[in-house]
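Let me begin by presenting the structure, written as structure tokens, before commenting on it.
All of the numbers you see were taken from the coordinates with simple rules; none came from a lab. If you're wondering where the values come from, they're calculated on a predicted model, not measured in any experiment. All Cβ positions, even for glycine, are placed from backbone atoms using ideal geometry, and neighbour counts span all protein chains on display.
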Amino acid sequence: MPSNTSRRDLRVLFVTPEVHPLIKTGGLGDVSAALPAALRSLRVDVRILIPGYPKVLSGLKYKRKLANFSTLSQYPPSTLLSAKLPVNNSVSVPVFIIDCPGLYQRDGGPYSDTSAQDWPDNGLRFGLLSKIGAILASDASPLAWHPQVVHCNDWQSGLVPAYLNYHSGKKAASLMTIHNLAFQGIFPPGSVAQLGLPSDSFNMHGVEYYGNMSYLKAGLYYCDHISTVSPSYAEEIQSEPLGFGMQGLLSTRKENISGIINGIDTTEWDPAIDPLIPRTYTSKRLTTKDANKKALQLAMGLNVDPEIPLFGTISRLSHQKGCDILLQVAPELIKLPAQLVVLGNGMTEYEVEFANLSKTHPTKIAAYIGFSEKLSHLIEAGVDGFLMPSRFEPCGLNQMYSQRYGTPPVVHATGGLLDTVVDCPSALLTNDGNASGFLFKDMTADEFMKTIQRAVTAYDNKKVWRRLQKNGMAKDFSWRTSAVSYREIYLSLLASNE
Ligand code: ADP
């Protein structure tokens, strides 16, 4: 490892199970595209490693074969390919793809089949991602390019630091980023032998987690540094309930935990140039936003009414996202009066309940059950206020998209929502210059509804609402600041590794 590594030749392997626009189930997909691009703009030589799902193989052109891996524990044979991921007009990010037809060449999502059942061999699928990540991050790599830092993301890459721990040669320092601690990658104890890890790794000081094996716990235990995606979430996970059983381990490592808020892709999410919305606009031409409201109301079969407050949400439909309390307030919300648009998919019971609500109130509540990038842009541009009652939210992206689109969000005061939305004080309904939305503290339907009412009162005061919109639109949510913080962590890891 050269000493005094300059920023220019800092080499980082970014291991991830998803990357937008090739494959995405949530915020991690967005982060995995935007953060490496922002780091490359800072002249960090970051390269992505991802499984070769069908959409990854078909979405990347000009792939080159780099190496074969035919004898890795009990993993099926795989080939390492390389390609370039175009992120925007000026930046592309090199990608390594693990082509392993036995594990990845199948219809369905990255983690589950077409009927939302987890793939039964997920342990092997992401064991292989981690194993190859660890090989590339060590002197056992067949490549000429050797990263100094391996940046792991969520449980799917959690075994990288574990494999590296048992590698006796030279190896990169490791950073483990938690995007959502609720997903822990739990597998039966027998997996340890199957994955080629030594049996003595299966103990409390290793990969064992309450009698099973946890890929995330392994990563958090063996990595050199931990980060998560907002300062508030970094604190919250060190105690119950948001530690989800990992609070003990995390609090013993608190000196090694950083909270860095995610940025957003400000090119893709820019109301001034967004090709996915009918009318583009800026903070100086906010009346144009109304045309998008009309288009959304028409598209979703709602009453076309420029005056009525229109709220929207875009979400995985899950308990985490507070779908239960949104379902409770929806009948009250439309009495205000107001309208509601929901875009989401996920747990069947929520999908059915939102679909039923929209059938009962077709001109006031609209639900699109599915995943639609295009509709998500129209919702951000077309609604007046965005609802995000997440029980917990490591960072959250939509509250930032919303502020950028002049759509003040109503959010639960947790994690990244607390760190990125500034509450509009209810008494004055004026603001101190940076209020940009509405926060509620108690995770109850009652508090949520009261806060929506606060938002509607503010909406009725056009001057206050414009101020809120403009405050949100003026904020800098770009990746640059976050990327600088990640670069600082990489450099500090190098310094302590030397
Ligand atoms: P999480 O990663 O926990 O699901 P985030 O707010 O961090 O939540 O990121 C979710 C991302 O996925 C956002 O970009 C959001 O717009 C997008 N998204 C979620 N559900 C849908 C959907 N049904 N259609 C389109 N985009 C969606």
Quiz item: For the range 160-264, which GluC sites (Glu not before Pro) are both in a DSSP coil and crowded by at most 16 other Cβ atoms within 10 Å?
Solution: none
Quiz item: Using Cα atoms only, what is the angle between the long axis of helix 479-497 and the major principal axis of the chain, expressed in degrees (0 to 90) to the nearest 10?
Solution: 20 degrees
Quiz item: Over the Cα atoms of the range 42-174, what is the Rg over Rh ratio if Rh follows Kirkwood?
Solution: 0.95
Exercise. Hey, could you get me the Stokes-Einstein D for the chain, Kirkwood radius over alpha-carbon pairs, 4 °C and 1.567 mPa s, rounded to whole µm² s⁻¹?
Key: 55 µm²/s
Quiz item: Looking at the range 1-122, how many pairs of lysines come closer than 15 Å at the Cα, when each pair is eight or more places apart or spans two chains?
Solution: 6
Self-check item: Dipole of the chain, positive end: most advanced residue of Met449, Pro189, Val464 [Cβ charges, Cα centre]
Solution: Val464
Practice problem: Would you work out which of Phe244, Ser492, Ala116 lies farthest towards the positive end of the dipole of the chain, given +1 charges on the beta-carbon of Lys and Arg and -1 on that of Asp and Glu, about the Cα centre? | Solution: Ser492
Quiz prompt | Cα→Cβ-extended label distance, 7 Å offset, between Ile273 and Ser90, nm | solution = 1.0 nm
Quiz item: Treating the beta-carbon of each Lys and Arg as +1 and of each Asp and Glu as -1, no other charges, what is the dipole magnitude of the chain about its Cα centre, to the nearest 20 debye?
Solution: 1580 debye
Exercise. Can you spot the lysines whose alpha carbon is less than 17 Å from Lys131's alpha carbon? Ignore those fewer than 8 places along the same chain.
Key: Lys170, Lys171, Lys217
Exercise. Hey, can you grab everything whose amide H is under 5 Å from the amide H of Leu310? Only 5+ residues off in sequence or another chain; H modelled, so Pro and N-termini drop out.
Key: Gln339, Asp384, Gly385
Self-check item: Kirkwood Rh, angstrom, the range 155-235 [1 / mean 1/r, Cα pairs]
Solution: 12.9 Å
Quiz item: Once fully extended, how much extra length lies between Asp139 and Ser496, figured as 0.36 nm per residue of separation less the alpha-carbon to alpha-carbon distance?
Solution: 126.6 nm
Quiz item: What percent does the relative contact order of the range 286-473 come to when contacts are Cα pairs within less than 8 Å and at least six residues apart?
Solution: 21 percent
Quiz item: Radius of gyration and Dmax for the range 286-473's Cα atoms, expressed in Å?
Solution: 14.8, 43
Exercise. Could you calculate the FRET efficiency of Thr360 with Ala116 from 1/(1 + (r/R0)^6), where r is the beta carbon distance between them and R0 is 35 Å, rounded to 0.05?
Key: 0.85
Quiz item: Computed FRET efficiency, Cβ-Cβ of Lys65 and Gln194, R0 25 Å: what is it to the nearest 0.05?
Solution: 0.40
Quiz prompt | Size of electric dipole in the range 286-473: Cβ of Lys, Arg +1 and of Asp, Glu -1, about Cα centre, debye, nearest 20 | solution = 540 debye
Self-check item: Rg/Rg_ref, the range 265-380, where Rg_ref = 2.2 N^0.38 Å and atoms are Cα
Solution: 1.07
Quiz prompt | the range 268-347: trypsin sites (Lys or Arg not before Pro) falling in loop per DSSP and having at most 14 other Cβ within 10 Å | solution = Lys284, Arg285, Lys335
Quiz prompt | Rounded FRET efficiency, nearest 0.05, which uses the C-beta distance separating Glu373 from Glu488 and R0 of 30 Å | solution = 0.40
